[in-house]
Structures are given as C-alpha cells and as structure tokens.
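The values are calculated or read from the model by the stated rules, or taken from the named source; none is laboratory data. Note that the structure is a prediction, hence the values are computed from the model and not measured. Heads up, the Cβs are rebuilt from the backbone with ideal geometry, glycines too, and the neighbour counts pull from every protein chain shown. Ligands, DNA and RNA are stripped out before the accessible areas are found, and what is left, the full protein with its side chains, is counted by its heavy atoms. Shrake-Rupley method; radii C 1.70, N 1.55, O 1.52, S 1.80 Å.
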Amino acid sequence: MSAAPAIPLTSVFADTFPEMATPWRAADPPDPRLLILNRPLAEELGLDPDWLETPGGVRFLTGTNLPEQAKPVAQGYAGHQFGGYSPRLGDGRALLLGELHGRDIHLKGSGRTPWARGGDGLAAVGPMLREYVISEAMHALGIPTTRSLAVVATGKSIVRENLAPGAVLTRVAASHLRVGSFQFARATGDADLLRRLADHAIARHHPHAGNALELFQAVVDAQAGLIAKWMLTGFVHGVMNTDNMTISGETIDYGPCAFMDAFDPATVFSSIDETGRYAYGNQPTIAQWNLARLAESLLPLFDDDQEKAIALATEALGTFRTRYARATIAGMSAKLGLKTDNAALAEDLLAHLAAEKADFTSFFRRLAAGDETGDWVDRWRAENPDTAAMNRVNPVYIPRNHLVEEALAAGEVRDLLEAVTSPFDERPELARYAAPAPPDFGAYRTFCGT
C-alpha cells in the first residue's frame with residue numbers, strides 16, 4: 001500500500017481546543033472499495049484524484065493512511081435535539097482528520113468514538129451515497145453546503161433494520177463549528193475557552209467581525225440567507241437541531257432531508273418528526289430559535305452586565321426576520337423574472353401553489369415557458385417578466401425523492417448526479433429526471449441517515 005503523499009493536513013482545531021477534541025483513530029475497514037470520488041473537488045483541494053483511487057488513497061479516504069503529522073480527533077459539542085437539551089453529543093461516528101487549505105476533511109461512519117452514546121459508530125452505503133448526491137446538488141444550486149469528496153464501502157455488514165453494507169463518507173466543510181460547539185463551551189464554565197472559540201470562529205469565518213456580538217450578528221445574517229435559499233428551492237432539512245447549525249452558514253448533516261414535490265408548508269419527511277417541528281414552513285422559526293441558543297451561549301462575551309448583554313442579543317436576533325424576509329422576497333422575485341421586488345405577488349403565488357398542490361420545482365419552468373394560466377398568471381405577465389432570466393435561477397433537475405431511492409436501490413448514482421449537478425441546463429435525454437414522482441410512489445419518509 002502506497003504511503004500518503006505530502007498532503008499538508010494541519011491540526012488547527014485539535015491543537016487549539018484540546019478540551020473539545022478527543023484524539024482517535026478510524027476503524028480499519030476489512031475490504032475498502034471506492035464507490036464514488038469527487039474528482040473536481042479533490043483537485044480543488046490539491047489532492048491527486050488518481051492517487052485517491054489507489055489502495056493507499058482509498059485508505060486515506062477512510063482515515064487509515066494519513067500523513068505523519070495528522071492528529072485525527074472526534075469533536076465534542078452539545079445541542080438541543082427536537083427541543084431537548086443534551087449536554088454531551090459530539091462525533092459519535094465521525095472524525096475530523098484535519099484541515100486542508102483552511103477546510104475540514106471529515107469522516108462519517110468511521111467507527112465508534114468515546115462520544116458514541118451507545119451507537120455502533122458505523123454508517124450504511126445508502127445514506128452515505130444519499131448525502132453525496134444531495135450535498136453536491138445543493139452546491140450546484142448555489143446553496144452553501146458541506147461537500148462530499150468520496151464514499152468508500154468498508155466490506156463490513158452493519159445491523160440496521162436488516163443487514164446493510166457499511167460505508168464511510170469523506171466530506172469537506174468550511175469547518176464543523178456549530179451552535180452546539182458554543183453550547184458545549186459555555187456549559188464548561190470556562191470563560192477562556194468560550195472566548196477562544198469565538199475568536200477562532202471570527203478568524204476562520206467572519207474576519208470582519210470585531211467582537212463576539214458582531215460574530216453573532218454575522219451568523220444571524222449567514223443563516224438568514226441560507227434558510228431563504230432552502231425555502232426558495234423547497235428543501236426540507238428535517239433535523240434542525242442546534243448541533244446541525246453551522247457558524248459558517250453552510251448546510252450540514254444530510255440525514256432525513258428531502259425536496260418537496262407538491263407545495264405544502266406542512267411537508268415533513270423525517271420518520272421521527274411526529275409533531276412537524278422541522279416541517280418545511282417551520283424552518284425560519286426554528287433557525288431563529290437555534291440562533292437564540294447561540295446568543296445564550298455567547299452572553300458573557302457581549303457585556304459584563306447580563307441585562308445589557310441580553311438587550312444586545314435580543315436586538316441582534318431581531319434582525320433575523322427582516323434579513324430573511326428581504327432575502328426571500330428578492331429570491332422569489334428573481335425566480336419570477338421580476339425587475340423589482342413584489343412581495344404581494346410572491347405571497348399570493350404561495351397561496352396559489354398550496355391550493356393547487358403544484359410541483360414547486362417544475363412550476364417556475366412551466367411558467368417561463370408559457371404553460372401556466374389563471375388570474376395570478378395574468379397579474380404576473382402584466383409585470384413584463386424576463387423569462388430567460390427565470391431559467392437561469394430555476395432548476396430543471398433536483399434530487400427528487402423517487403429518483404434518489406431508485407438510484408440507491410440500484411447502487412448507481414452517477415446518472416442522477418449528472419442531472420442534478422448541472423441543474424439549470426435542460427437536456428431532452430434527461431427528461432425523466434425533471435418529472436414529478438409517479439402517483440404510486442406514495443408518502444415519502446426518510447430516516448436519520450444511519
């Protein structure tokens with residue numbers, strides 16, 4: 001097996017935050033086999049994709065053939081899960097291998113860590129391929145997201161509902177700092193740790209922020225823009241726990257996520273979200289709730305006077321709705337080809353889509369093509385919309401749920417990836433990837449990607 005080449009993997013997080021980083025090694029897979037490699041992303045990271053396809057490269061992708069200087073760690077964090085606080089979560093089946101050119105190289109499904117909380121630390125091929133497809137589709141749609149570098153089958157079966165083939169996902173992120181990271185630091189009572197973490201987040205993600213309050217405002221802004229993009233594409237994350245909200249503003253952790261077909265604000269895909277807490281229409285409210293938890297964690301850094309700190313936090317948090325609304329109206333106006341924002345027309349459209357149970361993705365392309373009629377359409381036409389501009393922002397192809405399941409069942413996702421990673425370019429030979437689910441597909445439920 002060839003040794004890892006001179007990969008400049010650094011260990012900034014591991015060295016800076018030993019209180020939140022448990023040194024650990026990935027489990028050695030018995031028969032690793034590369035299922036899919038993101039060659040363009042590998043090149044972007046300065047990695048040799050040809051070497052990554054060798055046995056030594058595949059072992060690098062599973063964390064078992066690392067440069068000498070590497071210090072893989074399981075990160076500690078806390079979080080609110082479905083509203084309930086858990087003080088000790090952390091990477092139960094994940095490892096941060098290190099940072100490469102300022103981006104995290106991270107594994108999912110690489111074995112139990114001390115943070116595992118009773119789980120086996122493993123992952124199945126299906127959910128890991130699913131995260132690969134959806135995260136790369138999100139990237140192609142222009143939505144900030146973690147990226148997928150590779151999926152490697154481990155050669156080991158794991159126990160879920162039935163036996164399933166195991167896999168490791170190698171993903172790339174601006175970082176894995178999350179709201180839960182700050183909750184963990186605050187819970188330790190270590191004021192120095194909290195301040196160092198805030199300074200690190202500022203330096204890495206929001207260098208324009210001069211202090212913790214400005215950091216918080218920057219995260220509010222980033223998340224307002226991110227959630228608006230989710231809503232404008234019909235994306236439902238499904239598990240918006242505070243440990244799944246990043247400080248960078250990237251989408252992370254593609255567990256029970258999916259895209260809506262028929263427009264319905266009450267859409268839920270997660271099999272465990274029995275109350276609809278994380279329904280499509282609730283996502284902006286939940287994001288603001290999560291940000292309030294971040295504010296609580298950062299309060300000691302806002303001001304020594306707690307009442308003043310709370311007032312500052314409340315004011316900053318209050319800008320979320322305004323910024324989210326502004327981003328949503330601007331985005332919807334672009335989807336409609338309007339030269340100026342028209343909130344009333346956009347709001348009436350959502351009511352129309354809900355009443356008609358219209359397909360949220362194909363509607364806008366049909367509208368641009370002149371295939372929609374009705375009173376609302378007449379009002380829209382009176383605005384003299386730019387239909388060519390509409391086709392530059394409204395996708396033809398998204399990872400439709402029936403297509404994802406079909407690809408996973410076949411164990412082959414490349415054709416689907418070809419469509420969803422060039423989502424705005426209509427190609428007649430890919431017509432089936434633009435069609436809604438067949439009537440017999442039924443209600444769709446996803447599971448927390450294990």
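Translational diffusion of segment 128-275, estimated by Stokes-Einstein from the Kirkwood radius over alpha carbon pairs at 25 °C in a medium of 0.890 mPa s, is 143 µm² per second. For segment 230-270, the solvent-accessible area works out to 16 Å² per residue, with a probe of 1.4 Å and every protein chain left in place. Expressed as a whole percent, the accessible area of the chain that falls on carbon and sulfur atoms is 52 (1.4 Å probe). How many percent of the alpha carbon pairs in segment 74-132 exceed a separation of 17 Å? I get 49 percent for the Cα pairs in segment 74-132 exceeding 17 Å.
A cut-off of 5 Å between modelled amide H atoms, ignoring neighbours fewer than 5 places along the same chain, links THR267 with TYR280, GLY281. Here is the list for segment 77-143: chymotrypsin sites (Phe, Trp or Tyr not before Pro) lying in DSSP coil, each with at most 16 other C-beta atoms within 10 angstrom of its C-beta, are PHE82. For segment 102-246, the relative contact order works out to 23 percent when only alpha carbon pairs closer than 8 Å and six or more residues apart are counted. Sequence-distant contacts, meaning Cα pairs under 8 Å at least 6 residues apart, place the relative contact order of segment 177-325 at 30 percent.
Across segment 234-289, how large is the tail of the calculated P(r) beyond 13 Å, expressed as a percent of all Cα pairs? Tail of the P(r) past 13 Å holds 56 percent of the pairs.
Computed over segment 347-450, the alpha-carbon pair-distance distribution with 5 angstrom bins reads 2, 10, 18, 21, 18, 14, 9, 5, 2, 0, each value a whole percent. Take the Kirkwood radius over Cα pairs of segment 146-187, plug it into Stokes-Einstein at 20 °C and 1.002 mPa s, and you get 165 µm²/s for translational diffusion. Take each peptide in 366-374, 233-241, count the other Cβ atoms within 10 Å of every residue, and average; sorted highest first, the result is 233-241, 366-374. The residues of segment 1-136 expose on average 39 square angstrom of accessible surface per residue, using a 1.4 Å probe on protein heavy atoms.
Each of LEU193 and LEU350 was given a label point 7 Å from its Cα along the Cα-to-Cβ line. The distance between the two points is 4.0 nm. Exceeding 27 Å between C-alpha atoms, which entries from my cross-link table qualify? They are LYS156/LYS229; LYS229/LYS339; LYS108/LYS156; LYS335/LYS357; LYS71/LYS229. Checking Cα-Cα distances, LYS156/LYS229; LYS71/LYS229 exceed 27 Å.
Measuring from label point to label point, each 7 Å out along Cα→Cβ, what is the ARG326 to ALA388 span in nm? For ARG326 paired with ALA388, the spin-label model returns 3.0 nm. Here the Kirkwood formula puts the hydrodynamic radius of segment 64-195 at 16.0 Å, using every distinct Cα pair. Where only DSSP H runs of four or more residues are counted, the chain gives -12500 deg cm²/dmol as its mean residue ellipticity at 222 nm, each run worth -39500 (n - 2.57). Per residue, segment 360-449 exposes 52 Å² of solvent-accessible protein surface, assessed with a 1.4 angstrom probe and all protein chains in place.
Under the convention that each Lys and Arg Cβ holds +1 and each Asp and Glu Cβ holds -1, the size of the dipole of segment 222-342 around its Cα centre is about 600 debye.
A crude spin-label estimate for the pair ARG25 and GLN306, with each label 7 Å from Cα along the Cβ direction, gives 4.7 nm.
Note on the chain: GNM, Cα springs under 10 Å; of ALA266, ALA198, ALA382, the largest mean-square fluctuation is that of ALA382. Taking every alpha-carbon pair under 8 Å whose residues sit at least 6 apart, the chain reaches a relative contact order of 15 percent.
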